[in-house]
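Inspection log for the structure reproduced underneath, given as structure tokens.
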Amino acid sequence: MMQDRAAAGLPQHRSRDYWLGQKDAERAERAGEFREVQHGKYTARIYPTGRLEVRDDCGWRTDDLAKLAREQGDAFFRFAQGEPDLVAVMADAGWSV
């Protein structure tokens, strides 16, 4: 009897096209491709894989904003809502706050 993979907590099957697209994005990131945006004191690099690197004028920097958001949870999003420039950077990367 086959169980639903999502209900079992197992990874979902991805299509071949999705997998190839992901590999292309990983290659592009390794080759140094990114898009850079700046809003106020925040500068962000948006990589083809979706990784978002953010830094500010004071020297604060994170290599992966998604990882920081997962680790900090609600505290991070409350902070971000008080920083309109950070919200603008996140919106450019396709995030919503």
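Restricting the first member to region 54-69 and to residues that are under 14 Å from K41 (Cα atoms), and the second to residues that are modelled with pLDDT of 90 or more and assigned to a loop (DSSP other than H, G, I, E, B), the beta-carbon pairs closer than 8 Å and six or more apart or on different chains are D56/K41; D57/K41; C58/K41.
Of the residues G21, G50, the single one that is surrounded by 12 or more Cβ atoms within 10 Å (Cβ to Cβ), on the phi > 0 side of the Ramachandran plot and at pLDDT below 90 is G50.
The values are calculated or read from the model by the stated rules, or taken from the named source; none is laboratory data. Please read these numbers as outputs of a predicted model, since none were measured by experiment. So basically every Cβ, Gly included, is an ideal-geometry build from the backbone, and we count neighbours across all protein chains shown.
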